[in-house]
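Visitor: Right, I'll just put the structure down here and ask away after.
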């Protein structure tokens, strides 16, 4: 079995090492990742300059591009064989609710699905590398069970979030729907040394909504959450209603 591992935190991030080692238990692993952090790049592609992949001494590839670049380049150019699965992560920080729209980790898995390969994204709801290091066996178990199935529907990826607690305190696994969160005070105004206004995006306050079946609630309760995501964003229930607006010519 051929497995591609990518991420958005960069080739040197501890999380990608944990995931790659977990995947080695079930197949031959190729690691292709950005040469620096590319968080919140979503599904961005680099179209205005060429990419220069560099082979590292350990056999992995670092790419001066986005997570989506890495997956496309790996599948179309760098790997001798087309991968059977693409795993992305483990992201340092959660990807819950609307995070999936911004996440480079999720988009790397999504690009795999676009190219016809099952994609799975892993994130960790903490930035403590010492805690993440203890998740090797748990992640390896999930990888083994996921790769044992060949019936993941087309145009579907799995978004997996690990709770930010020690692995031996995890209560179990829950399949959950996306929650929803609202950011407030997430734009910070400052001044540069010349007195000009600059703005930082990020941080602020987060308010979560959703019932006990959401990904956020599962992770908050100490469970691993698994959310199937689909590429088709069509609101099928509104097709007939919008047709009644008489917009078609």
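The values are calculated or read from the model by the stated rules, or taken from the named source; none is laboratory data. Computed from a predicted model, the values in this text were never measured in an experiment. Cβ atoms come from the backbone with ideal geometry, glycine included; neighbour counts cover every protein chain shown.
Visitor: Hey, can you tell me all the residues within the stretch 205-236 that are assigned to a loop (DSSP other than H, G, I, E, B) and without any contact (Cβ under 8 Å) to a residue 40 or more places away in the chain?
Guide: 211, 212, 213, 233, 234, 235
Visitor: Among the listed residues 100, 106, identify the single one that is part of a helix (DSSP H, G or I), over 19 Å from residue 172 (Cα atoms) and at pLDDT 95 or above.
Guide: Numbers: 100 fails: at pLDDT 95 or above.
Exactly one of 100, 106 is part of a helix (DSSP H, G or I), over 19 Å from residue 172 (Cα atoms) and at pLDDT 95 or above, namely 106.
Visitor: Output yes when any residue across the stretch 160-179 is part of a loop (DSSP other than H, G, I, E, B), touching a strand residue (DSSP E or B) at 6+ places or on another chain (Cβ under 9 Å), exposed (fewer than 10 other Cβ atoms within 10 Å of the Cβ) and without any contact (Cβ under 8 Å) to a residue 60 or more places away in the chain, and no when none is. Full working, then the answer.
Guide: Step one: filter the stretch 160-179 for residues part of a loop (DSSP other than H, G, I, E, B), giving 163-166, 170-171, 176, 178-179.
Okay, now just the ones that are also touching a strand residue (DSSP E or B) at 6+ places or on another chain (Cβ under 9 Å), so 163-164, 170-171, 176, 178-179.
Okay, now just the ones that are also exposed (fewer than 10 other Cβ atoms within 10 Å of the Cβ), so none.
Checking the stretch 160-179: not a single residue is part of a loop (DSSP other than H, G, I, E, B), touching a strand residue (DSSP E or B) at 6+ places or on another chain (Cβ under 9 Å), exposed (fewer than 10 other Cβ atoms within 10 Å of the Cβ) and without any contact (Cβ under 8 Å) to a residue 60 or more places away in the chain.
Visitor: What single numbered condition from (1) closer than 22 Å to residue 221 by Cβ; (2) within 14 Å of the chain's Cα centre (by Cα) fails to hold for residue 131?
Guide: Looking at each condition in turn, residue 131 falls short on (2).
Visitor: For the structure I just gave you, tell me whether residue 106 is touching a helix residue (DSSP H, G or I) at 6+ places or on another chain (Cβ under 8 Å), touching a residue at least 12 places away in the same chain (Cβ under 8 Å) and under 21 Å from residue 14 (Cβ atoms).
Guide: For residue 106, the condition - touching a helix residue (DSSP H, G or I) at 6+ places or on another chain (Cβ under 8 Å), touching a residue at least 12 places away in the same chain (Cβ under 8 Å) and under 21 Å from residue 14 (Cβ atoms) - is met.
Visitor: Could I ask something else about it? In the list 65, 59, 10, which residue meets the criterion of being under 25 Å from residue 126 (Cβ atoms), without any contact (Cβ under 8 Å) to a residue 60 or more places away in the chain and either over 15 Å from the mean Cα position of the chain (by Cα) or in a loop (DSSP other than H, G, I, E, B) (or both)?
Guide: Testing whether each residue is under 25 Å from residue 126 (Cβ atoms), without any contact (Cβ under 8 Å) to a residue 60 or more places away in the chain and either over 15 Å from the mean Cα position of the chain (by Cα) or in a loop (DSSP other than H, G, I, E, B) (or both) leaves just 10.
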